[in-house]
Amino acid sequence: MPYSYDDQNIFAKILRGEIPNKTVLETDHTLAFEDINPAAPVHVLVIPKGAYVNADHFGSEASDAELADFQRTVARVANRAGVSPDVGDGYRTISNAGPNAVQEVPHYHVHVLGGRRLGRMLQPGG
């Protein structure tokens, strides 16, 4: 499936330095920054620096180096924020893809949320 990337999305602008952010961690392939509208005490967005629309696009077209770096950055963010199970009480990662999942920004990203009990993600039949 061909993916059409919009290089004017807010995350692309953040990556180009056109919009400021509160960087938590940056690597060669990944940027992690605080969400401007946090839904939990810890709410960090982790994005690849490459132009990927969603998890399918990233998983099918990213290099091995990008894939590994992204996953390791998610783990490092959770650890540094004190929410990974080995240093805290756990966290949730969320990634939305497409209209039914209410993906608001067409650039692949993962939300790392924690710092409190988050409750159920979805209710059955909802």
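Every number in this text was worked out from the coordinates using simple rules, so none of it is lab data. As the structure is a computational prediction, the values presented were derived from the model and not from experiment. Cβ: placed from backbone, ideal geometry, glycine included. Neighbour counts: every protein chain shown.
Calculate, in nm to one decimal, what residue 105 and residue 121 gain on full extension: separation in residues at 0.36 nm each, minus their alpha carbon distance.
3.7 nm
Just add up the charged neighbours of residue 98: K/R +1, D/E -1, any other residue whose Cβ is under 13 Å from the Cβ of residue 98.
Net local charge, residue 98 excluded: -2.
What does the helix-only formula give at 222 nm for the chain: each DSSP H stretch with n ≥ 4 adding -39500 (n - 2.57), the total divided by the residues, and the result rounded to the nearest 500 deg cm²/dmol? Display every interim value, and only then the final one.
Working: 3 runs with 30 residues, N = 126.
It comes out at -7000 deg cm²/dmol, rounded to the nearest 500.
Return the Rg/Rh ratio of the stretch 10-114 with Cα-based radii and a Kirkwood Rh.
Radius of gyration relative to Kirkwood radius: 0.94.
For the stretch 10-114, what relative contact order do you get, as a whole percent, if you take Cα pairs closer than 8 Å and at least 6 residues apart?
31
With r as the distance between the Cβ atoms of residue 67 and residue 4 and R0 = 30 Å, compute the FRET efficiency 1/(1 + (r/R0)^6) and round to 0.05. Show your work: numbers first, answer last.
Values: r = 21 Å, r/R0 = 0.71.
Calculated value: 0.90.
Counting alpha carbon pairs within less than 8 Å and at least 6 residues apart, what relative contact order, in whole percent, applies to the stretch 63-126?
Working: 42 pairs, mean separation 16.9, N = 64.
Reported relative contact order: 26 percent.
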